[in-house]
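Undergrad: I have a structure I would like to understand better, so I am pasting it below and will then ask my questions one at a time.
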Amino acid sequence: RRSSDLMSTTGSRMMLITQDSFQRMIAAMDSVLGSGAKVITFNEGSAMGSIYAGGLRRLIQGDVRRFIGELGKLYSATGIGIAEFVEMNLDDLHFVVRITDSIECQGKDSDEHISQWIRGHLMGAASGLLGVQMECIETKCIATGDPYCEFELSKS
């Protein structure tokens, strides 16, 4: 490992990617794979969210529920989008997360919600941090004309 390498909280080497490159990569998969691309994109987001959750669990080494409200800052810091919790119910494990400036949807135009990667990432991270299987649905999407993307997370 070189000292100039960017490293994640899990100790893995990282690379930076532009929004344009990220969106082109997803569009290319969609062009080649059709609806299967949505499944792959969601699953990859979920896997990455789960990996991030594991890294955070190792760093925090305690009750991660105390830090859930801070997780929106990580989305902003990593360039995913500006995230905020609109609703956070730790007793019922129900959350509503709003993301503006979404790397996946900003500048896109669609008739349907397209946040497969972010939806998967939120679900994987929440499931990993909370230790229960969560589900995530996108209720609003920038690409369909909404002012932001919004996701509802709840226990499966």
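One line per residue, one yes/no per condition, for (1) closer than 28 Å to Thr144 by Cβ; (2) of a type in the set (Asp, Glu); (3) out of contact with any helix residue (DSSP H, G or I) (no Cβ under 6 Å at 6 or more places or on another chain):
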| residue | (1), (2), (3) |
| --- | --- |
| Ser12 | no, no, yes |
| Thr18 | yes, no, yes |
| Leu33 | yes, no, yes |
| Ile51 | no, no, yes |
| Arg58 | no, no, yes |
| Ile68 | yes, no, yes |
| Gly79 | yes, no, yes |
| Ile82 | yes, no, no |
| Ile103 | yes, no, no |
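Undergrad: For Ile118, state whether it is assigned to a helix (DSSP H, G or I), of a type outside the set (Asp, Glu) and either touching a Pro at 6+ places or on another chain (Cβ under 6 Å) or closer than 18 Å to Asp146 by Cβ (or both).
TA: On the way: assigned to a helix (DSSP H, G or I): yes; of a type outside the set (Asp, Glu): yes; either touching a Pro at 6+ places or on another chain (Cβ under 6 Å) or closer than 18 Å to Asp146 by Cβ (or both): yes.
Answer is yes for this residue.
Undergrad: I would also like to ask the following. Would you tally the residues in region 128-142 being closer than 15 Å to Gly81 by Cβ and surrounded by 21 or more Cβ atoms within 10 Å (Cβ to Cβ)? Can you show your working first?
TA: First pass over region 128-142, keeping only residues closer than 15 Å to Gly81 by Cβ: 136, 138, 140-142.
Still in the running and surrounded by 21 or more Cβ atoms within 10 Å (Cβ to Cβ): 136, 138, 141-142.
Summing the residues that are closer than 15 Å to Gly81 by Cβ and surrounded by 21 or more Cβ atoms within 10 Å (Cβ to Cβ) in region 128-142 gives 4.
Undergrad: Another question about this same structure. Just one of Ile51, Ile26, Ile80 is over 12 Å from His121 (Cβ atoms), under 17 Å from the mean Cα position of the chain (by Cα), of a type in the set (Val, Ile, Thr) and not in a strand (DSSP E or B); which is it?
TA: Of Ile51, Ile26, Ile80, the one residue that is over 12 Å from His121 (Cβ atoms), under 17 Å from the mean Cα position of the chain (by Cα), of a type in the set (Val, Ile, Thr) and not in a strand (DSSP E or B) is Ile26.
Undergrad: Still on this structure: Could you please let me know if Asp92 is at pLDDT 80 or above, of a type outside the set (A, V, I, L, M) and under 18 Å from Leu153 (Cα atoms)?
TA: Numbers: at pLDDT 80 or above: yes; of a type outside the set (A, V, I, L, M): yes; under 18 Å from Leu153 (Cα atoms): yes.
Yes.
Undergrad: Can you tell me which residues in region 104-131 are under 22 Å from Gly55 (Cα atoms), of a type outside the set (Gly, Ala, Ser) and modelled with pLDDT of 95 or more?
TA: Keep residues of region 104-131 that are under 22 Å from Gly55 (Cα atoms), which gives 117-131.
Now drop any that are not of a type outside the set (Gly, Ala, Ser), which leaves 117-119, 121-123, 129-130.
Answer for region 104-131, where residues must be under 22 Å from Gly55 (Cα atoms), of a type outside the set (Gly, Ala, Ser) and modelled with pLDDT of 95 or more: Trp117, Ile118, Arg119, His121, Leu122, Met123.
Undergrad: Can you name the number of the only condition in (1) more than 24 Å from Gly145 (Cβ to Cβ); (2) out of contact with any Ser or Thr (no Cβ under 8 Å at 6 or more places or on another chain); (3) surrounded by 15 or more Cβ atoms within 10 Å (Cβ to Cβ) that Lys38 fails?
TA: (1)
Undergrad: Right, here's the next one. Restricting the first residue to region 54-67 and requiring it to be within 19 Å of Met123 (Cα to Cα), which pairs with a second residue that is open to solvent by 50 Å² or more (accessible area, probe 1.4 Å) and modelled with pLDDT under 80 meet a Cβ separation below 6 Å and a spacing of at least six or different chains?
TA: Gly55/Thr9
Undergrad: Return the total of residues in region 51-86 being modelled with pLDDT of 90 or more and crowded, with 19+ Cβ neighbours inside 10 Å.
TA: Qualifying residue count, region 51-86: 3.
Undergrad: Applying the selection to region 104-127, what residues are open to solvent by 20 Å² or more (accessible area, probe 1.4 Å) and either more than 13 Å from Leu93 (Cβ to Cβ) or without any contact (Cβ under 8 Å) to a residue 40 or more places away in the chain (or both)?
TA: Gln106, Gly107, Lys108, Asp109, Ser110, Asp111, Glu112, His113, Ile114, Gln116, Trp117, Arg119
Undergrad: May I pose another question? Could you identify the single residue in Ser154, Ser127 that is over 20 Å from Phe22 (Cβ atoms), assigned to a helix (DSSP H, G or I), in contact with a strand residue (DSSP E or B) (Cβ under 7 Å, 6 or more places away or on another chain) and not charged (D, E, K, R)? I'd like the intermediate steps shown before the answer.
TA: Values: Ser154 fails: assigned to a helix (DSSP H, G or I).
It is Ser127.
Undergrad: Here is a further query. Give me the pairs, please: first residue somewhere in region 72-99 and in contact (Cβ under 8 Å) with a residue 24 or more places away in the chain and under 23 Å from Ile114 (Cβ atoms), second residue anywhere and of a type in the set (D, E, K, R) and not in a strand (DSSP E or B), beta-carbon distance under 6 Å, and either six or more positions apart or on two chains.
TA: Sorted first by the residue in region 72-99, then by its partner, the pairs are Gly81/Asp101.
The values are calculated or read from the model by the stated rules, or taken from the named source; none is laboratory data. Note that the coordinates shown come from a computational prediction; the quantities given were computed from them, not determined experimentally. Counting neighbours? That spans all protein chains shown, and the Cβs are built from the backbone with ideal geometry, glycine included. The protein model used for the area step is the full one, side chains on, heavy atoms only, and it has no ligands, DNA or RNA in it. Shrake-Rupley method; radii C 1.70, N 1.55, O 1.52, S 1.80 Å.
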